[in-house]
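The values are calculated or read from the model by the stated rules, or taken from the named source; none is laboratory data. All figures in this text were calculated on a predicted structure; none of them were measured in a lab. Here Cβ is always computed from backbone atoms with ideal geometry, including for glycine, and neighbour counts include all displayed protein chains.
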Amino acid sequence: MYNHIKEIVAAAEKTHKPISELIIEQECQLSGLPREKVWQRMKYNLQTMRAAVKRGESGNGVFSKTGLTGGEAIKLKKYREKGHTLSGDTMMAAVENAIATNEVNAAMGVVCATPTAGSSGTLPGVLFLLEKRLQLSEEQMIRFLFTAGGFGMVIANNAEIAGATGGCQAEVGSASAMGAAAAVEVAGGSAEQSAQALSIAMSNLLGLVCDPIAGLVEVPCVKRNGIGAGNALIAADMALAGCTSVIPADECIEAMKKVGHQMPASLRETGIGGLAGTPTGQAIKAKIFGKDA
């Protein structure tokens, strides 16, 4: 089992295999399942992601029962189609996909946790953009998910992936790092460049707190997934251009873990500090749960 990013990179360079292949082999070994079964399970994850994006971008969109979130993926879609976006069609398509997914999650729909439900939009945001941008086949898309999952497993085993223990950096930050690394591989980059992309993406979101209003995974969670997708694409491009992170991937993961442990409980998914602690945030909480909540 790969315990560190540097081990994955070393194995890829030694065997001349893509990271996705190494992770497929590891999954077969750990689960005891045949390759076809492992592949079909990941294919199901891909189908689940696609269905969530489609639902979030259909009709008038989806809305949460609280009314805090919903319909903004549709707004982004209409805005993007006008052709006047400041950040370009590519970036906004990724943001649109990400927000569509998390609006479905907020509306109690089915999503694929990557690595959590609260960060479930970041990876699909990147992947479905790249499907169109790079004309990816289904096989390439599934391999993208194996690569992302392999890096995500290292993060989970060495740090945190839950906002309650590590802040939003552990959720959207991890998802963004996973997406950046996988994006590099499907774009033809090296294993080392994938590791660099992970480092850059994670560093950019280091210290991001988890401060959901009323303790619900809606505000600011939904929009942060859009930012996570954009950050992943930027980090991937930087790595593909030859830019490098001064701090190695494994040390970035360790730093993220330490930062998360240093965060006060009020900034770790308790709905107390940050945006949740603002007058407006507290008023929304009282409206939803009552003044004594």
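Residues of the stretch 52-71 that are crowded, with 20+ Cβ neighbours inside 10 Å and outside any loop (DSSP other than H, G, I, E, B): 52, 53, 55, 56, 70. When residue 84 is tested against (1) farther than 29 Å from residue 287 by Cβ; (2) touching a residue at least 12 places away in the same chain (Cβ under 8 Å); (3) outside any helix (DSSP H, G or I), just one condition goes unmet, and that condition is (2). Of the residues making up the stretch 86-111, those that are of a type outside the set (Ser, Thr, Tyr) and surrounded by 20 or more Cβ atoms within 10 Å (Cβ to Cβ) number 15.
Scanning the stretch 7-20 for residues that are closer than 12 Å to residue 150 by Cα and surrounded by 16 or more Cβ atoms within 10 Å (Cβ to Cβ) yields 8, 9, 18, 19, 20. Is it true that some residue in the stretch 242-254 is surrounded by fewer than 20 Cβ atoms within 10 Å (Cβ to Cβ), free of Cβ contacts under 8 Å to residues at least 60 places away in the same chain and closer than 12 Å to residue 202 by Cβ? For the stretch 242-254, residues surrounded by fewer than 20 Cβ atoms within 10 Å (Cβ to Cβ), free of Cβ contacts under 8 Å to residues at least 60 places away in the same chain and closer than 12 Å to residue 202 by Cβ: present.
No other residue among 228, 260 is under 16 Å from the mean Cα position of the chain (by Cα), under 30 Å from residue 197 (Cβ atoms), small (Gly, Ala, Ser) and in a helix (DSSP H, G or I) apart from 228. Residue count for the stretch 92-138, restricted to those that are of a type outside the set (A, V, I, L, M, F, W, C), part of a loop (DSSP other than H, G, I, E, B) and under 19 Å from residue 210 (Cβ atoms): 5.
Answer yes or no: is there a residue in the stretch 146-155 that is closer than 24 Å to residue 241 by Cβ and among the hydroxyl-bearing types (Ser, Thr, Tyr). Within the stretch 146-155, one or more residues are closer than 24 Å to residue 241 by Cβ and among the hydroxyl-bearing types (Ser, Thr, Tyr). Of the residues making up the stretch 263-286, those that are loosely packed, with under 13 Cβ neighbours inside 10 Å and either of a type outside the set (A, V, I, L, M) or within 20 Å of the chain's Cα centre (by Cα) (or both) are 264, 279, 280. One residue stands out among those in the stretch 190-209 that are within 16 Å of residue 263 (Cα to Cα), in contact (Cβ under 8 Å) with a residue 40 or more places away in the chain and of a type in the set (A, V, I, L, M): the one that is surrounded by the fewest Cβ atoms within 10 Å (Cβ to Cβ), which is 206. Name every residue in the stretch 89-130 that is in contact (Cβ under 8 Å) with a residue 24 or more places away in the chain, in contact with a Ser or Thr (Cβ under 6 Å, 6 or more places away or on another chain) and of a type in the set (Gly, Ala, Ser), in order of residue number. Correct list: 98, 106, 107, 120, 121.
Looking at this structure, is residue 26 farther than 15 Å from residue 97 by Cα, buried (at least 16 other Cβ atoms within 10 Å of the Cβ), modelled with pLDDT of 95 or more and of a type outside the set (A, V, I, L, M, F, W, C)? Yes: the conditions hold for residue 26.
Criterion applied to 218, 254 was being of a type in the set (Asp, Glu) and part of a loop (DSSP other than H, G, I, E, B), and the one residue passing it is 218. Among the numbered conditions (1) under 15 Å from the mean Cα position of the chain (by Cα); (2) surrounded by fewer than 24 Cβ atoms within 10 Å (Cβ to Cβ), the only one that residue 171 does not meet is (2). Pairs linking a residue in the stretch 131-154 that is closer than 18 Å to residue 199 by Cβ to a residue that is of a type in the set (Ser, Thr, Tyr) and in a helix (DSSP H, G or I), with Cβ atoms under 8 Å and 6 or more positions apart or on different chains, are 147/20; 147/194; 150/20; 151/194; 152/174. Before we move on, is residue 235 more than 28 Å from residue 281 (Cβ to Cβ), crowded, with 20+ Cβ neighbours inside 10 Å, touching a helix residue (DSSP H, G or I) at 6+ places or on another chain (Cβ under 6 Å) and not basic (Lys, Arg)? In short, yes.
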